[in-house]
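The values are calculated or read from the model by the stated rules, or taken from the named source; none is laboratory data. Just so it is clear, the structure is predicted and the values come from calculations on it, not from any experiment. Using ideal geometry, Cβ is built from the backbone for each residue, glycine included, and neighbour counts are taken over all protein chains shown.
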Amino acid sequence: MNRQERRAERSEGNLDTAGFLKVADKFIDVANRENKRANATQLHMAFLFASARYSAYVANHIMEVDDHEKFVDRMAGEYVNMLRQHLADSDLEGKG
């Protein structure tokens, strides 16, 4: 995909890999700032809660998911895969 195509995708609200990682980094930056005032174990639960709430909103109001259990299973599987990848990432040390 060339630069013009990437810009067109972004203008339609679609994220390429770089855009996806940039958005994720913004959430991590918020977590790192909040971690100065809040316990990390409580903070990560707050982020998990927020993610679940936003995912439920998207499922119900954007995607109009009929089978909630199927959606829950898919999202839980995605989370498990991402968590395993990050836990195995030796480069993660010292980075929130």
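Scanning region 73-82 for residues that are outside the structural domain of Arg7 (by TED's automatic domain parsing) and touching a residue at least 12 places away in the same chain (Cβ under 8 Å) turns up at least one hit.
Provide a single number: the residues in region 1-59 that are of a type in the set (S, T, N, Q) and modelled with pLDDT of 90 or more.
Number satisfying all stated conditions: 7.
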